[in-house]
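Down below is the structure, laid out as structure tokens.
Here, each number is a calculation from the coordinates, and none is a lab measurement. What you see is a predicted model; the values in this text were computed from it and never measured. Using ideal geometry, Cβ is built from the backbone for each residue, glycine included, and neighbour counts are taken over all protein chains shown.
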Amino acid sequence: MHRIIVRLPFLDFAIYSYGLMIVLGFLTAYFLAYRRAKKCGANPDELTNVAVLALMGGVAGARAMHVIHFWDSQFANEPIWQIFNIRDGGLEFYGGIILAIVAALGYMATKKMPVKFFLDLLAPALMLGLAFGRMGCFLNGCCHGKVSKLPWAVSFPYGSAAYYDHVSAGELAVPAELSDGFGGAIPAEQLSDAQRAIAAEHRSLRVHPVQLYSMAVALALCGILYRYFWRRKYEGQVFVLMLILYGVGRFVLEMLRTEPIVAGTGLSISQNLSIVAVVGGLIWWVWIKRQPAGQVDPKTGRVVVKISKIKTG
């Protein structure tokens, strides 16, 4: 866990790992999409506008979903400005992709751009950006997994989300010097120098590095979708495949995380949204398969449907 990558001297300005990974994720995702758009002869300026709007909508949506998801445990008793504080993490992919798609679709519809083509073009880039985001989660210590005894399980230091969660659940005892007197741990930022020395010796229980699992899944999906782009038979098929595969992967990964359960479902918010993504994707897949199939034009990247001429007697 390396929440702060570097602190700039003389400025007292810290560069946080989570924010840095988000920026790197956006830049690499944009570069991947830009390369493909250029190869396909698409207008790179239009792609830039879509990417910027998707980024703005994605961050807003991802943050909004996280705040809703953890309102009672993290935000209800905090100052209102904490809602907008994303330096320490707190973005959820499904909320981000929903608002990002809405923003991008709105712009593309206004400019009369080929929506399904651009969705196919952007799908691998979304997964690449997500992979960087999950690395940010790991460095930040958020979005941790369940307790595990596997050889590659990891523990996080005092002050991490995992440490506080294990203390709250009664799975971990806090040293008397670090106790807040109410069964909890003193916030890391309030520790004295002597207490910090003690805290350095205490860590969370070992947990699944589920952030790294998620990163590996995202990278694998990026590769699959990137190659499938040239093999698709229908416009929109790459994006639909992303919804289905990511939905399945996220549902399974959620089994290794400690997320609040939605009443009446026995599943987390992300698992419920994964079901929606998979079912919606399968319905969309069946629907587009009812259209005439085509071949990808290697010059434009567009699916071209050849209409055979019918001979008349």
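Here are the numbers:
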read-out: Spacing of the two label points (7 Å from each Cα toward its C-beta) at Tyr228 and His2, in nm; value: 3.4
read-out: Max mean-square fluctuation residue, GNM over the chain, Cα-Cα springs under 10 Å, options Leu128, Leu225, Leu256; value: Leu256
read-out: Extension reserve of the Lys111-Glu171 stretch, reckoned as 0.36 nm per residue once the Cα distance is removed; value: 16.1 nm
read-out: Within the chain, helix-based [θ] at 222 nm, where runs of 4 or more DSSP H residues each add -39,500 (n - 2.57), nearest 500; value: -18000 deg cm²/dmol
read-out: Top of Asp180, Asp45, Asp193 by mean-square fluctuation, Gaussian network on the chain, Cα under 10 Å; value: Asp193
read-out: Simple spin-label estimate for Ser179 and Thr28 in nanometres, 7 Å along Cα-Cβ; value: 4.5
read-out: Span from the segment 134-201 Cα centroid across to the segment 247-308 one, whole angstrom; value: 36
read-out: Cα gyration tensor, segment 215-291 - rounded (a/c under 1.5), prolate or oblate; value: oblate
read-out: Cleavage-rule hits (chymotrypsin sites (Phe, Trp or Tyr not before Pro)) in segment 6-45: DSSP loop, at most 10 neighbouring Cβ within 10 angstrom; value: Phe10
read-out: Highest-MSF residue in the chain out of Ala220, Ala51, Ala188 [GNM, Cα springs under 10 Å]; value: Ala188
read-out: Gain upon complete extension [Gln190, Leu150; 0.36 nm per residue less C-alpha separation]; value: 11.1 nm
read-out: Spin-label pair Ala200/Leu256, simplified geometry with 7 Å Cα→Cβ offset, distance in nm; value: 3.2
read-out: Within straight-line cross-link reach of Lys289, lysines at Cα separation under 29 Å, skipping those fewer than 8 residues along the same chain; value: Lys38, Lys39, Lys111, Lys112, Lys116, Lys233, Lys299, Lys306, Lys309, Lys311
